[in-house]
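The values are calculated or read from the model by the stated rules, or taken from the named source; none is laboratory data. Just so it is clear, the model here is predicted, and its values are computed rather than measured. All Cβ positions, even for glycine, are placed from backbone atoms using ideal geometry, and neighbour counts span all protein chains on display. Accessible surface areas use protein heavy atoms only, side chains included; no ligands, DNA or RNA. Shrake-Rupley method; radii C 1.70, N 1.55, O 1.52, S 1.80 Å.
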Amino acid sequence: MIPFDFQPRTRIVFGSDKIDTLGQLAGELGARRALVVSDPEIIAAGHTERGVAALSAAGIDTFLFDGVHENPTTDDVDAGLKMAQRHDPELIVGLGGGSSMDCAKGINFLYTNGGSMKDYWGVGKALRELLPMIAVPTTAGTGSETQSFALISDAKTHVKMACGDKKASFRIALLDPKLTITQPHNITAVTGIDALAHALETYVTKPRNPVSLAFSREAWLLLAENFETVLENPQDLSARAGMQMGACFAGLAIENSMLGAAHALANPLTTHYNIVHGQAIGIMLPHVIRFNSVPCGTWYHDLLEMSSVTSNVAGTDSSAERLAQFVNGLVTKAGLPLRLTQCGVSEQQLSALARDAATQWTGSFNPRQVNHAELLELYQQAM
Ligand SMILES: [Fe+2]
């Protein structure tokens, strides 16, 4: 019997054109002034304007912070904080991809609890309640909408700080699949691989439990069955909806069972080589699946059997090998690199990267223990 402590904190509202209900939902949370955190691409796509219009129609004064960058830094959070201090919001809306949602959480930490982002690095560091927040994701990837971590990079050192606190959970995740249709191909690709990795890593971590497994399974089914379709036919709303729900459920799985070695290996690649998170994950995940095959072979087998997309993949290879090959195939179809050498990583740097990877908290949840030697070998296999 595996014990668990399931604390659902986020109401999930799903449906086409649900963005137009943002004002009504914000009103239900009692807000009269809202800070909307978004980024220039999402604003250019028109989604932010629609959200702001819905808030205004409900009589809510809205202030837009448009200074979010990819992999948001402490500078982004500080700029957003200044805006919050000027306008005294009662609600924060993160409208965009993981960067906008994480930046919204970061601003909220500092606005309500003071200090700097470093003070919230780790888990449960906020002493006071945060302002209520609504997430409106426009990508299907991070799952930030349903988990309580904000990934904020130190603007000077580029170190990614995972700042987690149940109080930083969004009160509402507003999922409108139509908003995800405007994603450019490369964003669909890197965010989709990331979401898939969330489903696969959470399914085998040490803290896996009946609650996390339910979300990992459903996320895996939705993502495995819809990823190719959204790559080939980005306008397919039903496939986009599947990806969006899959990413959201994978976020709930992360919240309940954490992540594993693929994320420990990917973070240093982003820090030191500026490799996009989903790209780094796509390169490392197949190697981690093979590495985990000894304790997790039957679990990988269950996943392959479960999905109609993978149950027919015949072959005499082990389940881990077949699953790794399936992921490799998707990475290739997504047009992403399979090798670190394609991203400019040099052999001489691998030992330092492995040292950094060994300090990543997320690696401690991997089903098979990873220290410097194992992580170095995984990097070498990916060259
Ligand atoms: Fe990720």
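Details
- Condition check for residue 108: open to solvent by 10 Å² or more (accessible area, probe 1.4 Å) and in contact (Cβ under 8 Å) with a residue 60 or more places away in the chain: no
- Per the conditions (1) assigned to a loop (DSSP other than H, G, I, E, B); (2) at pLDDT 95 or above, the sole criterion not satisfied by residue 134 is (1).
- Scanning the stretch 236-250 turns up one or more residues that are outside any helix (DSSP H, G or I) and either more than 15 Å from the ligand (Cβ to nearest atom) or at pLDDT 95 or above (or both).
- Here 187, 134 are screened, and the one residue that is farther than 20 Å from residue 33 by Cα and touching a residue at least 40 places away in the same chain (Cβ under 8 Å) is 187.
- The stretch 111-139: number of residues that are open to solvent by 10 Å² or more (accessible area, probe 1.4 Å) and not hydroxyl-bearing (Ser, Thr, Tyr): 16
- Criterion (free of Cβ contacts under 8 Å to residues at least 24 places away in the same chain and open to solvent by 10 Å² or more (accessible area, probe 1.4 Å)) met by exactly one of 319, 293, 311: 311
One line per residue, one yes/no per condition, for (1) among the acidic types (Asp, Glu); (2) over 21 Å from residue 375 (Cα atoms); (3) away from the ligand (no atom under 16 Å from the Cβ); (4) not in a helix (DSSP H, G or I):
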residue: 262; (1), (2), (3), (4): no, no, no, no
residue: 271; (1), (2), (3), (4): no, no, no, no
residue: 278; (1), (2), (3), (4): no, no, no, no
residue: 283; (1), (2), (3), (4): no, no, no, no
residue: 290; (1), (2), (3), (4): no, no, yes, no
residue: 310; (1), (2), (3), (4): no, yes, yes, yes
residue: 357; (1), (2), (3), (4): no, no, no, no
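- When each of 187, 193 is tested for being within 15 Å of the ligand (Cβ to nearest atom) and open to solvent by 30 Å² or more (accessible area, probe 1.4 Å), the lone residue that passes is 187.
- Taking (1) at pLDDT below 95; (2) on the phi > 0 side of the Ramachandran plot in turn, residue 318 satisfies each apart from (2).
- Residue match in the stretch 47-65 (condition: more than 20 Å from residue 26 (Cβ to Cβ) and either surrounded by fewer than 21 Cβ atoms within 10 Å (Cβ to Cβ) or touching a residue at least 40 places away in the same chain (Cβ under 8 Å) (or both)): no
- Qualifying residue in the stretch 90-100 (condition: in a helix (DSSP H, G or I), within 16 Å of the ligand (Cβ to nearest atom), over 22 Å from residue 58 (Cβ atoms) and open to solvent by 10 Å² or more (accessible area, probe 1.4 Å)): yes
- The lone exception for residue 227 - which of (1) within 16 Å of the ligand (Cβ to nearest atom); (2) within 29 Å of residue 356 (Cβ to Cβ); (3) part of a helix (DSSP H, G or I) it fails: (2)
- Some residue of the stretch 103-120 being within 16 Å of the ligand (Cβ to nearest atom) and either basic (Lys, Arg) or over 27 Å from residue 279 (Cα atoms) (or both): yes
- Residue satisfying all of: in the stretch 127-143; out of contact with any strand residue (DSSP E or B) (no Cβ under 9 Å at 6 or more places or on another chain) and not acidic (Asp, Glu); nearest to the ligand (Cβ to nearest atom) among these: 141
- Number of residues in the stretch 77-87 that are open to solvent by less than 50 Å² (accessible area, probe 1.4 Å) and touching a strand residue (DSSP E or B) at 6+ places or on another chain (Cβ under 8 Å) equals 5.
- Residues in the stretch 1-15 that are open to solvent by 60 Å² or more (accessible area, probe 1.4 Å) and more than 20 Å from the chain's Cα centre (by Cα): 1, 2, 3, 4, 5.
- Any hit, the stretch 203-217, residues being within 13 Å of the chain's Cα centre (by Cα) and either on the phi < 0 side of the Ramachandran plot or within 16 Å of the ligand (Cβ to nearest atom) (or both): no
- Subset of the stretch 216-272 (residues that are of a type in the set (D, E, K, R) and either open to solvent by less than 30 Å² (accessible area, probe 1.4 Å) or closer than 18 Å to residue 292 by Cβ (or both)): 217, 240
- Verdict on residue 325 being in contact (Cβ under 8 Å) with a residue 60 or more places away in the chain and open to solvent by 40 Å² or more (accessible area, probe 1.4 Å): no
- Scope the stretch 112-131; condition part of a helix (DSSP H, G or I) and within 23 Å of the chain's Cα centre (by Cα); matching residues: 117, 118, 119, 120
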